[in-house]
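Here the structure comes first, spelled out in structure tokens, and everything after it is commentary.
The values are calculated or read from the model by the stated rules, or taken from the named source; none is laboratory data. Remember, it's a predicted structure, so these values are computed and weren't measured experimentally. Using ideal geometry, Cβ is built from the backbone for each residue, glycine included, and neighbour counts are taken over all protein chains shown.
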Amino acid sequence: MTTDKEAALRATIGKMLAEGLQTHTGPSPESDREFADLLIALRNLPPDDLQARLVESGLADHPYGPDGMRCQECMHYLVHRKWCDLPELFVPVEPDWYCRLWRS
């Protein structure tokens, strides 16, 4: 995907979130098993169903929780590309966004 396409997709995602897309921000998986179950649920979604992946992953356009968790501090975030490298999500994201797949 080119940088322009990534930017366009990031803008589309941002617009969906800004327009009130309700996602499952919680609960966050508390165990490896719960995390794996969430990954399985994401894998079972059609790969081209962006909205379903955003909803299931709990993507939010703002930091989340009392600690203000955000993509920028997640181990799956590629800083220079502004990208979530988790294969089950694999979308462009802003540094101040969050999803419940967040890992340190």
Keeping to the range 45-94, report how many residues are more than 19 Å from Leu21 (Cα to Cα), assigned to a loop (DSSP other than H, G, I, E, B) and of a type outside the set (D, E, K, R). 9
May I ask you to say which residue of Glu73, Glu56 is of a type outside the set (Gly, Ala, Ser) and surrounded by 19 or more Cβ atoms within 10 Å (Cβ to Cβ)? Glu56
Report whether or not Leu59 is among the hydrophobic types (A, V, I, L, M, F, W, C) and more than 14 Å from Thr25 (Cβ to Cβ). no
If I go through the range 27-86 residue by residue, how many of them are polar (S, T, N, Q) and under 13 Å from Trp102 (Cα atoms)? 4
The number of residues in the range 2-26 that are more than 15 Å from the chain's Cα centre (by Cα), exposed (fewer than 10 other Cβ atoms within 10 Å of the Cβ) and of a type in the set (A, V, I, L, M, F, W, C) is 0
Restricting the first residue to the range 19-35 and requiring it to be farther than 16 Å from Pro66 by Cα, which pairs with a second residue that is of a type in the set (A, V, I, L, M) and in a loop (DSSP other than H, G, I, E, B) meet a Cβ separation below 6 Å and a spacing of at least six or different chains? Thr23/Leu59
Test for Phe90: is it in contact with a strand residue (DSSP E or B) (Cβ under 7 Å, 6 or more places away or on another chain) and hydrophobic (A, V, I, L, M, F, W, C): yes
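Among the residues of the range 9-43, which ones are under 16 Å from Phe90 (Cβ atoms) and of a type in the set (Gly, Ala, Ser)?
Across the range 9-43, the qualifying residue is only Ala41.
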Quick one: in the range 49-68, of everything that is of a type in the set (Gly, Ala, Ser) and touching a Ser or Thr at 6+ places or on another chain (Cβ under 9 Å), which residue is nearest to Phe35 (Cα to Cα)? Ser57
Of the residues in the range 1-30, how many are of a type in the set (S, T, N, Q) and modelled with pLDDT of 95 or more? 3
